[in-house]
């Protein structure tokens, strides 16, 4: 777990490289994501971020989960709502995936205190 968070700088550098070398593709991708998120349907912002937390937990993409947890908190989701969302992953995607998501959430909350 610590290795993952220690490597965030590498992930950020890779994103910077991608933006600098493939800016048009990045811009199109960002625009697509914004359109789907904001204009794709009737779900409110908190619900959209909770869904993204569940999806990134189930796919075990830690960087996305970290980002989605932070954005969910910023949108007004409570720690309890985010934790419940992660717990809901277990029956469909498995206990280990849920436990990894819970570990990431707890790490983020610890860093914020």
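What follows draws every value from the coordinates through simple rules; no lab data is involved. These numbers come from a predicted model, not from an experiment. All Cβ positions, glycine included, derive from the backbone under ideal geometry; neighbour counts span all protein chains shown.
Contact order, relative form, for the chain: 23 percent (alpha carbon pairs under 8 Å, 6 or more residues apart, mean separation divided by residue count). In units of the rule-of-thumb radius 2.2 N^0.38 Å, the chain shows an alpha carbon radius of gyration of 1.12. Subtracting the Cα-Cα distance of residue 22 and residue 43 from their residue separation scaled by 0.36 nm leaves 4.4 nm. Subtracting the Cα-Cα distance of residue 11 and residue 87 from their residue separation scaled by 0.36 nm leaves 24.7 nm. The label point for residue 78 and the one for residue 60, both projected 7 Å from the Cα toward the Cβ, are 3.2 nm apart. Over region 36-80, Cα pairs under 8 Å with separation of 6+ residues give a relative contact order of 40 percent. Each stretch of four or more DSSP H residues adds -39500 (n - 2.57); spread over every residue of the chain, this sum gives -26500 deg cm²/dmol at 222 nm.
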